[in-house]
Amino acid sequence: MHFMSVPFTPFRRWALLTLLTWTSCLMTQAQTGRPQGGQGRPGEGGPKPKIGRVQGQVLDAESQEALPFASVVVMSLRDSSVVEGALSGDDGTFDIREVEVGRHILEVRFPGYTTFRSAPHMFSPRNPESLSWNAGTVSLEADITALDEAVVVEQASVMEMKVDRRVFHVGNDLTNRGGNTTELLENIPSVNVDIDGNITLRGSAGVQILIDGRPSGLSGGAREAFLESLPASAVDRVELITNPSARFDPDGTAGILNIVLKKNRLEGISGQVQATYGTGDNHDANASLNYRTSALSISTNLGWNDRYSFMAGETDRTQWWSSDSTSLSLVDRPGDSHRGSLSGSVKLEWRASERWTLFSGINANNGVRDGWDSTSTHETWTGGVLDGLNTEALRVEESLSDSEGGDVFAGFERTFGSRDHKWTADVRRSYNHNLGRTEFTDRSLTPGATVDDVHTFNEQHTRNQRWLAQTDYERPWGEKGKLEAGLKTTWNADNSEFAYTEPDSTVLTDGIFVPYGLDTVDYAFLYDEQIHAAYVTAGQTFGLVGFQAGLRAEQAFTSARLDGDGALNAEPFENNYFSLYPTANLFVETDGENTWSASYSRRVNRPRGRQLNPYLDMSDPRNFRTGNPFLLPEYTNSYEVAHQWARKRTSVTTSLFFKDTRDVIRRFTAADSNGVLLSNFQNLGRQHSEGLEVALMVPLGASGRLNWTASAYRVVNDGSRLESPFSSSGFSWSSRFFASWTVGSDWKLQANSFVRGAAVTPQGRFNGFATLNLAASRDLPNDHWQVTVQVKDVFNTRRWSYSTTTPDFTQEVWRQRESRNLYLTLQYKFGKLDERSRRGSGSRGGGGGDDFMME
């Protein structure tokens, strides 16, 4: 196997040098135990002295046994912010030093126990005795309800409804172990991932992917490669935001998927190592290491995967030719593919002072793909001059592509008295390189054929980079409100170079297109995009009612240009536009069990890449492709009303949604007079969809849980603006369920299923499919090790099939990749995060300790 080398550019040298220099400085700073610059005096002019100390011991109230690794937090009485914190030792004792002066309370938490909060204590330099606080024995009462809930949380995804989003905690889903993030998204309600890794939300492809609330800087194939290289075990939760506030980019007509990675919020060192063996030569491994002190946090992650799979497919096509002939063709398409990737990340956070926090990081990934496909075509003609003709042909494709991508970012956070009043800014640079080549061999298998084999190729080299600069400011508004404002600038530069063989003309002979005047074509497509934005949002709560409203203004400058054969010195295609994006959210909590919400947002899907490239790609003599540089952005007005009823461990959530999209961008295919299929992109007149979504969460006894979600929606396409007007409409639905149980003290079982119903497409129909996954895991002795066994697509039913109907042809297609596999995963955890879970806690594990409030 050949891996293409990528040069170590000056930028990468600079980024690596900067990262190493900063890491060295921060590690030196961490050894001092406190930020430099002195302790100063209390008051507005500087940080308060850290001269206090708290000691005590945490015990079980009933057994009087020590509770090790309980979360002990010193909190400010004024604003409930975290001052200092630690974990109790093996004997339950804790000793927290360098506590700043002021009036504080002590809070002690341990999963399965009620939370302890002390009376206020004043640390005052004027009273030296007050600086040493002996909290004595802290006895925690067992909370049976909380303990049951904690056990369940570790077994399956838990959905949490917030004002503007739904949160799915996936950190410990058994069926995600050994997989990548693309496969993880397949288990998120309302999200669909097709056979090629394309992601849709509620049937719409306009989905924006965020990593930790920030754009990943990658799009298209680069984004797919990044998600495939990111281990699912690194993800703590996925936030589904269908109507984001004005703070977020409006890109993505369907909404936003925010992938939140696991983070270690506890002091000390922790990490995990995980390896997976899968049938069919599907293997992966990943490791993470986290280090945290009161001033410094470093998190690292390294992932590797290597996967082989076979695929199969058939196409049954009827095509009407201009010579009054009709051809019936049956296409058989088996193949094999291989994907491998190596990814890594390093993230740093330094609390330079009480009010200043600096952060930086780097993500990188390398990948390789190679494959072999064969397409066998048997074609029969009836009518016209070709009546009675029968041909057989074989096309063999061999492809290889290497990719490299990643990003570097740095920024700061400045607080003003509280965590709710802050100013943040960051700069990010992302890049992606991809070099791929596909070689084709066309051979006639028609009896008596004398035509020679035809050899052609297609090569593509893409280089894209993205610079992003953003600053945000937020402050409290009254007691329960918040104001936000920000500026953002994004610059994208894409350079796609193409080289392929192209004939002057072709003649269909013995089932293959024989080229004449075959030559190599070289050209480049250059795309430049700048977007400058400003936004403001305001939110407030009045009793049971809360609202948030915002407005985002954007000015976009875009330019596209061709360079190369037949396009030298071509004039650029420019499209500059100004847009406003209003948003609104309303939240009403009528009582302790019922919550209502309503939201609205305006979204945009901007055309990019191949959609705009006007060059006619004739590398495949049966299928020509081109883009449309005059495409307009598509705009969506999105409305949603939701209700949630919750009582103890049972909840029911329903959502009604409506989307109205103008200038919808879709690919359309038609046949020319020679029977060659031509695909390009056009703006539909309009599309609207409306639907209902239901989510049910119920306990299964004391140690199990069932999560069931279902959605149904109707889509109407209006293509009246096209040269060949059409309209289509249809109904679609999907359903998912997660079921999990704890058996005994060591075994955990889980099952999840997904059914996607049939759906209408602009030129046909998608036929739907169903799949089932099963998993079981067991904690091994000493609780550091865990083994998981899972079977994906138990009944081998994950198959895509669809039909297409146009005035020139009709076809039925099915495709299937290898999906039924058995996986064995072995996981080892170490450090304090693992130690606390040995007592049956429901923490989210692996560094996702949001439940410990250790900021």
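Given the criteria modelled with pLDDT of 80 or more and at negative phi, does Val82 qualify?
Numbers: modelled with pLDDT of 80 or more: no; at negative phi: yes.
No; evaluated as a whole, the condition is false for this residue.
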Q.
Can you tell me which of (1) assigned to a strand (DSSP E or B); (2) at pLDDT below 90; (3) of a type in the set (A, V, I, L, M) is the one Ala119 doesn't meet?
A. (1)
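For region 518-529, state whether one or more residues are touching a residue at least 24 places away in the same chain (Cβ under 8 Å), within 23 Å of Asn575 (Cβ to Cβ) and open to solvent by 20 Å² or more (accessible area, probe 1.4 Å). Walk me through how you get there before you give the answer.
Start the filter on region 518-529 by keeping residues that are touching a residue at least 24 places away in the same chain (Cβ under 8 Å), which leaves 518, 521-529.
With the extra rule that they be within 23 Å of Asn575 (Cβ to Cβ), the set shrinks to 523-529.
If we keep only those that are open to solvent by 20 Å² or more (accessible area, probe 1.4 Å) too, we end up with 526, 528.
Within region 518-529, one or more residues are touching a residue at least 24 places away in the same chain (Cβ under 8 Å), within 23 Å of Asn575 (Cβ to Cβ) and open to solvent by 20 Å² or more (accessible area, probe 1.4 Å).
In region 292-339, how many residues are of a type in the set (D, E, K, R) and more than 25 Å from Leu678 (Cα to Cα)?
First, the residues of region 292-339 that are of a type in the set (D, E, K, R): 292, 306-307, 314, 316-317, 324, 332-333, 336, 339.
Remaining after also requiring more than 25 Å from Leu678 (Cα to Cα): 292, 306-307, 336, 339.
The number of residues fulfilling the criteria is 5.
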Q: State which residue is nearest to Val507 (Cα to Cα) when the search covers only region 436-450 and only residues that are open to solvent by 40 Å² or more (accessible area, probe 1.4 Å) and outside any strand (DSSP E or B).
A: Thr450
Q: Within region 373-391, track down each residue that is of a type outside the set (A, V, I, L, M), surrounded by fewer than 19 Cβ atoms within 10 Å (Cβ to Cβ) and out of contact with any Gly (no Cβ under 6 Å at 6 or more places or on another chain).
A: Ser374, Ser376, His378, Thr380, Thr382, Gly383, Gly384, Asp387, Gly388, Asn390
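Here's the yes/no breakdown for (1) modelled with pLDDT under 80; (2) not aromatic (Phe, Trp, Tyr):
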site: Glu224; (1), (2): yes, yes
site: Glu239; (1), (2): no, yes
site: Ser245; (1), (2): no, yes
site: Asp251; (1), (2): no, yes
site: Gly268; (1), (2): yes, yes
site: Tyr277; (1), (2): no, no
site: Leu289; (1), (2): no, yes
**Q.** Residue tally, condition in contact with a helix residue (DSSP H, G or I) (Cβ under 7 Å, 6 or more places away or on another chain) and farther than 30 Å from Ser711 by Cα, over region 629-663
**A.** 1
Q: Select the strands (runs of 3 or more DSSP E) contained entirely in region 554-667, then report the ones holding at least 2 residues which are charged (D, E, K, R) and surrounded by 16 or more Cβ atoms within 10 Å (Cβ to Cβ).
A: 594-605, 617-620, 634-647, 650-662
Q. Within the bounds of region 333-351, is there any residue that is among the aliphatic types (A, V, I, L, M), closer than 30 Å to Ala86 by Cβ and open to solvent by less than 30 Å² (accessible area, probe 1.4 Å)?
A. yes
Q: Check Thr501, Thr415, Thr471 and return the single one that is under 30 Å from Val83 (Cα atoms), β-branched (Val, Ile, Thr) and open to solvent by less than 20 Å² (accessible area, probe 1.4 Å).
A: Thr415
Q. Regarding Val368, is this residue open to solvent by 10 Å² or more (accessible area, probe 1.4 Å), of a type in the set (A, V, I, L, M) and in contact (Cβ under 8 Å) with a residue 40 or more places away in the chain?
A. no
Q.
For region 33-78, give me each residue that is closer than 18 Å to Gly268 by Cβ, open to solvent by less than 30 Å² (accessible area, probe 1.4 Å) and either assigned to a loop (DSSP other than H, G, I, E, B) or modelled with pLDDT under 80 (or both).
A. Leu67, Pro68, Phe69, Ala70, Ser71
Q) Can you name every residue in region 304-324 that is open to solvent by less than 20 Å² (accessible area, probe 1.4 Å) and either modelled with pLDDT under 90 or part of a loop (DSSP other than H, G, I, E, B) (or both)? A) Gln319
**Q.** Close pairs (7 angstrom Cβ cut-off, 6 or more residues apart or separate chains): β-branched (Val, Ile, Thr) in region 487-509, at pLDDT 90 or above and not in a strand (DSSP E or B) anywhere
**A.** Thr509/Val451
Q | Residue in region 294-303 that is least open to solvent (accessible area, probe 1.4 Å), counting only those that are of a type outside the set (A, V, I, L, M, F, W, C) and at pLDDT 85 or above | A | Gly303
(Q) Quick test of your reading of the structure: Gly701 fulfils all but one of (1) open to solvent by 50 Å² or more (accessible area, probe 1.4 Å); (2) assigned to a strand (DSSP E or B). Name the failing condition by number. (A) (2)
Q: Report those strands (runs of 3 or more DSSP E) wholly inside region 763-842 carrying at least 1 residues which are modelled with pLDDT of 90 or more, aromatic (Phe, Trp, Tyr) and over 30 Å from Thr279 (Cα atoms).
A: none
Q.
If I go through region 79-94 residue by residue, how many of them are touching a residue at least 40 places away in the same chain (Cβ under 8 Å), assigned to a strand (DSSP E or B) and over 19 Å from Gly831 (Cα atoms)?
A. 2
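The values are calculated or read from the model by the stated rules, or taken from the named source; none is laboratory data. Keep in mind that what you see is a predicted model, and the values were worked out from it rather than measured. Virtual Cβ from ideal backbone geometry, glycine too; neighbours counted across all protein chains shown. Heavy atoms of the whole protein, side chains included, go into the accessibility calculation; ligands, DNA and RNA do not. Shrake-Rupley method; radii C 1.70, N 1.55, O 1.52, S 1.80 Å.
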